[in-house]
Amino acid sequence: MDYILETRSLSKHYGHFKALDGMDMHVPKGAIYGLVGKNGAGKTTLIRLICGLQEPSAGSFTLYGTENRDKAIVKARRRMGAVVETPSIYLDMTAEDNLKMQYRVLGLPSFEGIGELLQLVGLENTGRKKARHFSLGMKQRLGIAVALAGDPDFLVLDEPVNGLDPQGIIEIRELILKLNRERQISVLISSHILDELSRLATHYGFVDSGRMVKEISAEELDAVCRKCVRLVVSDVKPLARVLDSMGIEYNILSPTQADVFANVNLSGLVNALTKESCELIAAQERDESLESYYVNLVGGARHD
Ligand code: ADP
């Protein structure tokens, strides 16, 4: 598999405190990788190391296959855009002037593309309005536009929807999906709110106490979290025969219990079981939700 970013035992210590404690992470090319963890789990620290804002205490990472200790990492970082903590925008400038400033910083030959960039993030009609008067969501989108100025193919966003209202969250989500699908930009996005990532991530990394607890693709996660009905019967053998004949997927848990992964027509099932002299004692819908998967993984409640 091609990884845009791979970290190996990446660590960051502050005195005896390990903000990152041997983090192993793999961001596949083309992914929207959701980095999920409670506040204080180490997400921002990780992102700061990747962006070169801080040096690791131990371990290493590669960006586009370039080692972090290699001088060429500076060049690799040019292919990456990031919004870490607060967006780096000038509040006394308009959206257009902010982008012009970034184009100058990057030494880009002309301002061509600024109009398109403003349109992409939905700020084309902000005219002479200074960024100071923007909503939080608009500021965040301007921050993303600034990060996109160098035409990166990897975008890193630290808690981009933190503090946004529902409409602002939807706009950021749609923008990220558009960048990923239409511009093939890989995205690393951190959040302490799992639900928000669940609508866009293709891969997840669950972090806790500075360590990677589990990396899983959205597809794998869906399979783990899908809804099921737990059936209690007098005997699972006839139940298995009936479910096989109905083409329904199931998992036997005990001589009297099975989980069924489909919408079952209970009266049809009861009729079929009666013919097999099998009694249906109970049926309970279970929702192994994303949330409970996460809590099982890292333990304890989320800190919102
Ligand atoms: P997250 O982004 O997941 O909320 P952070 O990476 O910001 O977590 O922080 C991880 C841990 O490292 C926290 O306990 C935080 O207090 C600690 N930390 C972060 N920066 C410093 C620092 N400069 N000095 C000491 N501790 C720090």
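The table below lists the values:
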{"quantity": "Kirkwood Rh, Cα atoms: Rg over Rh of region 161-288", "calculated": "1.17"}
{"quantity": "Burial ranking of peptide ranges 273-280, 41-48 (average Cβ count within 10 Å, highest at the top)", "calculated": "41-48, 273-280"}
{"quantity": "Stretchable slack from residue 254 to residue 86, in nm (0.36 nm times residue separation minus alpha-carbon distance)", "calculated": "55.2 nm"}
{"quantity": "Region 218-235 versus region 1-35: alpha-carbon centroid distance in Å", "calculated": "31"}
{"quantity": "Cα-Cα P(r), the chain, percent of pairs per 10 Å interval", "calculated": "6, 23, 26, 19, 12, 8, 4, 1, 0"}
{"quantity": "Estimated 222 nm signal from helices in the chain, with DSSP H stretches of n ≥ 4 weighted -39500 (n - 2.57), rounded to 500", "calculated": "-10000 deg cm²/dmol"}
{"quantity": "Pairwise label distance in nanometres, residue 60 with residue 9, each label 7 Å out on the Cα-Cβ vector", "calculated": "1.1"}
{"quantity": "Spin-label pair residue 24/residue 234, simplified geometry with 7 Å Cα→Cβ offset, distance in nm", "calculated": "5.1"}
{"quantity": "Packing rank of 145-156, 13-24, where each peptide gets the mean count of other beta carbons within 10 Å, highest leading", "calculated": "145-156, 13-24"}
{"quantity": "Size of electric dipole in the chain: Cβ of Lys, Arg +1 and of Asp, Glu -1, about Cα centre, debye, nearest 20", "calculated": "920"}
{"quantity": "For region 112-191, average projected area of the Cα convex hull in nm²", "calculated": "5.3"}
{"quantity": "Beta bridges per DSSP with both ends in region 107-234, % antiparallel, nearest 5", "calculated": "55"}
{"quantity": "Share, in percent, of DSSP beta bridges within the chain that are antiparallel, nearest 5", "calculated": "70"}
{"quantity": "Order of 294, 3 - criterion: other Cβ atoms within 10 Å of each residue's Cβ, fewest first", "calculated": "3, 294"}
{"quantity": "Projected label distance in nm at residue 125 and residue 263, using a 7 Å step from Cα toward the beta-carbon", "calculated": "4.0"}
{"quantity": "Computed lengthening from residue 70 to residue 226, 0.36 nm per intervening residue step minus Cα-Cα distance", "calculated": "51.8 nm"}
{"quantity": "Listed pairs 237/275; 29/214; 29/100; 12/38; 75/214 exceeding 25 Å between Cα atoms", "calculated": "29/100; 75/214"}
{"quantity": "Theoretical gain in end-to-end length, residue 282 to residue 217 [0.36 nm per residue, Cα-Cα removed]", "calculated": "20.1 nm"}
{"quantity": "Rg/Rg_globular for region 49-130, with Rg_globular taken as 2.2 N^0.38 Å and Rg from C-alpha atoms", "calculated": "1.36"}
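None of the figures in this text is laboratory data; all of them are computed from the coordinates on show. What you see is a predicted model; the values in this text were computed from it and never measured. Reconstructed Cβ throughout: ideal geometry from the backbone, glycine too, with neighbour counts over all protein chains shown.
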